[in-house]
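See below for the structure under consideration.
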Amino acid sequence: MGLDTVELVIETEQTFGIKINDRDAEQITTVGGLYRYVLTKLEGQESPSPTCKSAAVFYRIRRALGETLGIERDRVRPSTDIEDLIASNGRRRAWNELRNTLNLDLPGLVYPDWVGLFQFGAFLLGLVTAVASFTPALPAEVAPWSLLVSFSLLSTVLILGYMDSIAVSFPAGCHSVRGLVFQVVALNYGNMMATARQWNAHEVWEALRILVGQQAGVDPDELTEDTSFVADLGLD
């Protein structure tokens, strides 16, 4: 087997949680042959492995991003920065649409760092102003204004706490597609295991076409079961 074939075998093993021995790999010459081999290997498995779960979630996220936001799947890789895929403008709407399409829990968007700093600073300033307003040495005409400033600042802190539209930042550990996949698996692991099932034939075919397409640098939609790894794709 050449380097290209070895890499494809490794990717296939990691995606489906199976083992492909060298002798079998040498006999697989077409995309359809690999597809049927994977289906055979998956038969009898009690439940998908954690690796298989992560791979399944990755492909679901990639497909959902295409369906909801029109993002080309070639742009969606494990290392891709989520910020490059979903702009901050309209991000909450896009995030909700993605959640509905996936039918999975997604990590919640959070406030940007400056909001926390502003809230903390406003709280301290409001507290100091409130204390100063009750200080006997403070001129009487200044006290009402001090109370007003204190009330305004504290109100601002509370209002910011309830303004979800400001929360458009991705949480820690969720800045790449890989990070998002891990968090989605963690958030939904119980339900996913409770409803654990085999990959169905369609999911296997779609996943394999993507893997082969990435390895060969071709459009997955152009691949058929008769596509030869060597003659048609030039994989050594």
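We did not get these values from a lab; they are worked out from the coordinates using the rules stated. Nothing here was measured: the structure is a model prediction, and the numbers come from that model. With ideal geometry, Cβ positions are generated from the backbone for all residues, glycine too; neighbour counts draw on all protein chains shown.
Phi-derived couplings, Karplus 6.51 cos²θ - 1.76 cosθ + 1.60 at θ = phi - 60°, listed residue by residue for the stretch 199-211: 4, 8, 4, 5, 5, 4, 5, 5, 5, 5, 4, 5, 4 Hz, with x used for Gly and Pro.
Between amide H atoms placed 1.01 Å from N, distances below 5 Å from S176 occur with I82, all of them 5 or more places distant or on a separate chain. FRET efficiency for the Y189 to Q14 pair, using the beta carbon distance and R₀ = 22 Å, is estimated at 0.70.
Extension gain for T224 to A87 (0.36 nm times residue separation, less C-alpha to C-alpha distance): 45.8 nm.
With R₀ fixed at 30 Å, the C-beta to C-beta distance from T40 to E7 puts the FRET efficiency at about 0.85. Neighbour counts of other Cβ atoms within 10 Å put K41, K19, K53 in the fewest-to-most order K19, K41, K53. Amide H contacts under 5 Å for L233: S228, restricted to partners 5 or more places along the chain or on a different chain, H placed in the peptide plane at 1.01 Å from N.
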